[in-house]
Each structure stands twice: as structure tokens, then as C-alpha cells.
Amino acid sequence: MIRELHEKLVKGEITSVELTEKYFDVIEKKNGELNAFLTLTKEEALEQAQFVDEKIKKGEKIDLIAGIPMALKDNMCMDGVRTTASSKILDNYIAPYDATVVRILKEKGAVILGKTNLDEFAMGSSTENSAYGVTRNPIDSERVAGGSSGGSAAAVAADMAVYTLGSDTGGSIRQPASFCGIVGLKPTYGRVSRHGLLAMASSLDQIGPFATSVEDAAIIFSRIACEDKKDATCAPSAEKNFEDYLNGDIKGKRIGVVKGHLDGLDEKIKKRFAEAVEKFESLGAEVKEIVLPHSKYSLSTYYIIMPCEVSSNLARLDGIRYGLSVDDQKDSKMGNLLETYLDTRRVGFGDEVKRRIMLGTYALSAGYYDAYYKKAQKVRALIRKDFEEAFKQVDFIFSPTAPEVAFKIGEKTTDPLKMYLSDIYTISANMAGVPAISFPIGTVKEDGKELPIGGQLMAAWFDEEGMLNAAHTFETN
Ligand code: GLN
């Protein structure tokens, strides 16, 4: 889609301003029901579109993504624009700078339409934890769009943006992509700068694109991947246009399917997955069974490490430095600092965020640190080792993205553990830091609707090139 739009822009068949207005029209029509966008940046968008149009008129060369409308998950800072992370505690927070990814996009001429809904601070699998209401799935509005990047996924699926960015800590790009029938890419940890991304769990968070095709995801990824002095975990970049390496050939590639991974899986999803495996084989790939002995501990380890990092990262939201400040002591001269901290956090944070801060604070406290956090880190090292071994035997690992199709709104809100299981297939990629992509592999019929199922490919660290090519080959055949 991006290449075609680029051609149209360059040939003058459409202007970026017209294209941008068209997308705002769709947003106006659909956002009331879907609630994918929290903030629109119309003025900035049209200004950028006009700037790109002028460049084209002058015959200047423009980047592939110049003039093309997109949106950002609302946990990425955009200078001068409200950035809430879907939390009441940042309801009035205006970002004072651009996240690195936002800076890059702006420099390349991207037209940013606005900010999209998410689970508060990216904690959730359904975007029901947002302080600004749930995002509905464009395919069936009784169902969730997935989470935590539900707004970004729904925006692309409903054609309210050509592509969007999300963040993925345990599956938050891939699972909503699967639920909404689109492509979602979580790059290798460290390949895309996290500077300006409101941190959830810093050792797991990664920014990546949502798009309607693997090629588009590759185009966006190529542009946002870069080394960044402002993020010490950021790796040197390949400086490569990955979209130019999608050759459609996966003959001889070895794809691993993890032993035991499909036990207990819904029969309909199992069937679609088996068909996808056959398709890979028919395209010349060799599929074999592999073991990841410690992957069964991924979810439980994640729910120790992630809350520890959450409790530490969110400590900065104390009513003094950013956003909301609840000060009930206005009359007394000094006020009561502790009360301000406590009241601000009590009022500002939602239940899921509080639950994780409590879990993390507990697991990090003296006496429990060794038993929980340190042990979890050791298990994490074993999970990573499993992947090192596996990638000696295979090029990619294939699984369903999620154990289910998009579920009904409200179905899991009373049972956090049930919600956590939604990420059973996605979390280990974050634990190990490997890249992973979700792309549509079929649908199942429920309530008279064809609901999408995603397949997930994982690859060795920094092998986005091979992984994108495999997903692209599947998609285009
Ligand atoms: N659903 C997972 C969680 O609730 C993952 C979230 C994410 O990737 N941001 O933590």
C-alpha cells in the first residue's frame, strides 16, 4: 500500500493534503464507535502534508513514507502534543520533546494523524484497561481489538491510518495484529530506539509497526531502526532497506514448530495453523519439531520481571514532576508531601497498574529479591539459551500468535490471570529479545463473523531480514 500511495503522490494523482483529509474523514466517521484515537493532530498533519506536496511540486525527491498518513500509540512522546499512556495520571501531560522514532518519521515527511488508545501504560491484552474507554475491534465491535496497542491495530484495520506504531513488551503488537487481521512486527530488542517511549518494562519494551502487509512493515522498520545515543541499549543499525530484500524465496529454510506448543489449543485454530505449516512446506521450507525446554516458564517469569521494572519505572509519577498532582493540603503552607504522593497515585493509576506496582515492589523488597527477581532472571537466561540452541537447528520458529481469536469485551476483565494467558505464545520473544512478526494465516467463523487468526514467526537476533522474507513469501503466495 505504501509503495502505491508513494507512486500516486509522486505522479501527482493525489496530493498528500487530499490523502490526509481523506483519512481524517474516515476517522471522523468511525472513531466514535471504535475509539481507536485519543488525540488528533490535524493542524500538524496538514502542515506536514502541505510541506511534502510543495517538495513534490518542486520536483524534489521524497522518501517512500513522505506524505503518507500514520498514527502513534499514545505512549510515545510527540513534542507539544498530549501524551497520556491512557492513564489519568498523565491526562494533562504535554510531551516536551519528540521520541526518537517520532523525530525520524517527521524528518522523513510522515504525516502524523494523532495518538491511539492503549491499555494504561501498555499493561493489558485488550485495551480495556484504558482510562479513556475500550477500543472496539473493527471486524466485530462486540469484541476487543487486543492489547495493549489496540488503538494502533484497530486504526490500521479500519483504514483510519496507512500504518501505525505500537510497543510490544510481551505481545502488545503481535496479539492485537492477530485479533485485527493485520501485520505486526516486534523487532529485535535494541534495534529501535526506546527514547521517548514511556517505559513499561525497559528490558522487554520494543517499538514496532502495524501495517496491512509485510512489505509495508518492512518499509517502516527500515526507517525507524537506528542507533541512538539517547538509548544506551540501542544497537548499531544495518542501515538497510529491508523491503528491497523480500525475494519470495524460502526454499530450504528450516522452520521449527515447538513440541507441546499446541497442546490444549482450540481445534479450529489448530486446524488453520496446520494448514499454514503445510503452506510453508509447499513453498519449499523444511518444517521440523524442536524443543524449547524452558518456554513453559516464560509467562510466570515475565510476571515477576515485568512488574519489578514497572514498579521502578512508574515511581517517577509522584504528583511532583509530571502530570496529575493531587494536593489536598492546599491551605497549609507546607502541605504534606507524602499525602500528595499517595493521593496522586491512588487517584491517577488504574487497578491493573496498581496491581503490578504492588507485585513488583513486593518481589524487589529485601528478603524476596533473591527468591523472586533474581531467580526469575536466572530462568530468563535459560529461556534465552533455549533460543540460542534452537536457532542452531532452524532458521525460524512458527506458532500461532495467540491461543484464541478476538474475545468479547468484558469476557476476561474480572480474571487477570485469564487475561495474562493471552500472551502465552508471544512473551518468550521478549524474554529472549528475538524479533517476531504476526501475520494473518486464516479465519474462523464465530457469531456469523470471520475472525482473523495470526501466525507468529520468530527469528534469531537481528535476522529481521530473513523473517520478513519468510512472512512476505507466505503472504504473497
Ligand atoms: N499483555 C501483556 C501484559 O499485559 C503484554 C503487554 C505489552 O506487550 N505491552 O503485560
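The values are calculated or read from the model by the stated rules, or taken from the named source; none is laboratory data. The model shown is predicted, which means the values in this text are computed figures rather than measured ones. With ideal geometry, Cβ positions are generated from the backbone for all residues, glycine too; neighbour counts draw on all protein chains shown.
Summary of computed values
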| item | result |
| --- | --- |
| Unique residue being away from the ligand (no atom under 16 Å from the Cβ), in contact with a Lys or Arg (Cβ under 6 Å, 6 or more places away or on another chain), under 26 Å from Cys226 (Cα atoms) and in contact (Cβ under 8 Å) with a residue 40 or more places away in the chain when the list is Ile112, Ile68, Ile62 | Ile62 |
| Test result for Arg384, in a helix (DSSP H, G or I) and either within 16 Å of the ligand (Cβ to nearest atom) or at pLDDT below 95 (or both) | no |
| Subset of region 115-132 (residues that are surrounded by fewer than 24 Cβ atoms within 10 Å (Cβ to Cβ) and either near the ligand (Cβ under 8 Å from one of its atoms) or farther than 11 Å from Lys412 by Cβ (or both)) | Ala131, Tyr132 |
| All positions within region 353-398 that are more than 29 Å from Arg254 (Cα to Cα), under 23 Å from the mean Cα position of the chain (by Cα) and surrounded by fewer than 20 Cβ atoms within 10 Å (Cβ to Cβ) | Lys354, Arg355 |
| Residue that is nearest to the chain's Cα centre (by Cα), among those in region 254-302 that are of a type in the set (Phe, Trp, Tyr) and closer than 20 Å to Met431 by Cα | Tyr302 |
| Phe210 being aromatic (Phe, Trp, Tyr), within 16 Å of the ligand (Cβ to nearest atom) and within 19 Å of Leu64 (Cβ to Cβ) | yes |
| Selection within region 450-468 - surrounded by fewer than 24 Cβ atoms within 10 Å (Cβ to Cβ) and assigned to a helix (DSSP H, G or I) | Glu465, Gly466 |
| Residue pairs meeting the criteria (Cβ under 7 Å; at least 6 apart or on separate chains; first within 22 Å of Thr301 (Cβ to Cβ) and among the basic types (Lys, Arg), in region 393-421; second within 16 Å of the ligand (Cβ to nearest atom) and in a loop (DSSP other than H, G, I, E, B)) | Lys412/Ser126; Lys418/Lys412 |
| Ser167 being within 9 Å of the ligand (Cβ to nearest atom) and either at pLDDT below 95 or crowded, with 24+ Cβ neighbours inside 10 Å (or both) | yes |
| Long-range neighbours under 6 Å by Cβ, at least six apart or interchain, first residue under 19 Å from Asn137 (Cα atoms) within region 179-194, second crowded, with 24+ Cβ neighbours inside 10 Å and of a type in the set (S, T, N, Q) | Gly184/Ser438 |
| Filter result for Glu60 (of a type in the set (D, E, K, R) and touching a strand residue (DSSP E or B) at 6+ places or on another chain (Cβ under 8 Å)) | no |
